[in-house]
Amino acid sequence: MATTGVAVVTGAGSGIGRRVAQALLAAGWQVAAAGRRGDALQETLASAASPAGAGLAVPADVTVPESVAGLFEAVHERWGRVDLLVNNAGVFTPGGAVDEISWPDWRQVVDVNLTGAYLCAHHAVRMMKAQTPRGGRIINNGSISAHSPRPHSVAYTATKHAITGMTKSISLDGRDFDIACGQIDIGNAATPLTERMVQGEGILQPDGSKKIEPRMQAEHVGNAVVYMASLPLDSNVLFMTVMANKMPFVGRG
């Protein structure tokens, strides 16, 4: 199988999703950039180094089954197949311990981070099984929180631990259909979501103190995804951690 093909990237209107979509386009992939804001998706594609027509902006809400179905219908209509799904869409609501976070906030995080990933994988795997040549790859955005939680992050952490289980299950169930599934766990990429890490006193640490945390450029995440996606389907990066080298993850506590 060629190392490039048709990719779907969710949450592609900003942050890590934008960098991943742009890196894939620069590497020769055809990319469907999905997200809720059509104007942001167009900005992602317009600023990418890619041939005309290589990108497709598809406004979609990963929490709505009909919207996700429409996303993959648009991809099928445009290119007839899907070779890569990058499940990147995610949210981090106002934090809290399990007795503090509200039911609506819990539901929002679960709906976007977990159910949204399931819905996209559901349609991607169906297409990958049916297409010729069959197969493809799914890369899930797990986060460092798939390993260790930050204080007051029960909803986000629960969904990211669940993503690890989903990654393993898709990897196992996909073997007979030439479908590979891996997970990229990202630590402190420089995006608008992590601006609070470098503002004021920084962010809360497990010992109750606050600390400014180092960040890395989000482009490195895009490059890592391109590598994972470039492998033939008889090879797989099951888990990869890409993080700011000096962030307080190893030895947290």
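Might you tell me the accessible area per residue for the chain, computed with a 1.4 Å probe and given in Å²? It would help to have the intermediate numbers written out before the result.
Values: 11620 Å² over 253 residues.
On a per-residue basis, 46 Å².
Just report the Cα centroid separation between the stretch 70-144 and the stretch 181-253, whole Å.
Rounded to whole Å, the Cα centres lie 19 Å apart.
Provide the packing ranking of 200-209, 229-238, 132-141, i.e. peptides ordered by the mean count of other C-beta atoms within 10 Å per residue, highest first. Mind dumping the intermediate values first?
Values: 200-209: 11.4, 229-238: 15.1, 132-141: 21.1.
With the highest mean Cβ count within 10 Å placed first, the list reads 132-141, 229-238, 200-209.
Considering only protein heavy atoms and a 1.4 Å probe, what is the carbon-and-sulfur percentage of the accessible area of the stretch 110-217? Write down the numbers at each step before the final one.
Values: 2530 of 4740 Å².
C and S atoms contribute 53 percent here.
Hey, what number do you get for the chain at 222 nm if only DSSP H runs of n ≥ 4 count, each worth -39500 (n - 2.57), divided across all residues, to the nearest 500?
Working: 7 runs with 91 residues, N = 253.
Taking each H run of at least 4 residues, the total per residue is -11500 deg cm²/dmol.
Just the number, please: carbon plus sulfur as a percent of the accessible area of the stretch 5-104, 1.4 Å probe, no ligands or DNA/RNA counted. List each step's numbers first, then the result.
Working: 2250 of 4290 Å².
Accessible surface attributable to carbon and sulfur in the stretch 5-104 totals 52 percent.
So who's got an amide H within less than 5 Å of the one on Asp185, skipping anything under 5 residues away but keeping other chains? H placed 1.01 Å off N, in plane.
Correct list: Gly142, Ser143, Met240, Thr241, Val242.
So which lysines can Lys210 reach, going by Cα to Cα under 23 Å and dropping same-chain residues fewer than 8 places off?
Cross-link targets: Lys246.
What ranking of Val250, Val110 comes out by heavy-atom accessible area, probe 1.4 Å, highest first? Show your work: numbers first, answer last.
On the way: Val250 125, Val110 30 Å².
The ordering from most to least exposed comes out as Val250, Val110.
With a 1.4 Å probe and all protein chains kept in place, how do Arg126, Arg215 rank by accessible area, largest first? Please list the in-between numbers first.
Details: Arg126 155, Arg215 75 Å².
Result, largest first: Arg126, Arg215.
For the chain, what's the relative contact order in percent, using C-alpha pairs closer than 8 Å and at least 6 residues apart?
Numbers: 515 pairs, mean separation 48.2, N = 253.
Relative contact order comes out at 19 percent.
Can you give the accessible area of Phe239 in Å² (nearest 10), computed on protein heavy atoms with a 1.4 Å probe?
Near enough 80 Å² of accessible area.
Here are a few candidate values for volume of the Cα convex hull per residue in Å³: (1) 150; (2) 194; (3) 120. Which one was actually calculated from the structure I just gave you?
Computed from these coordinates, volume of the Cα convex hull per residue in Å³ corresponds to label (3).
How big is the stretch 51-181 by Rg and Dmax over its Cα atoms, in Å?
16.0, 51
The values are calculated or read from the model by the stated rules, or taken from the named source; none is laboratory data. Computed from a predicted structure; not experimentally measured. A quick note on method: Cβ atoms are made from the backbone with ideal geometry, for glycine too, and the neighbour counts reach across all protein chains shown. What goes into the accessible areas is simple: the full protein's heavy atoms, side chains included, and nothing from ligands, DNA or RNA. Shrake-Rupley method; radii C 1.70, N 1.55, O 1.52, S 1.80 Å.
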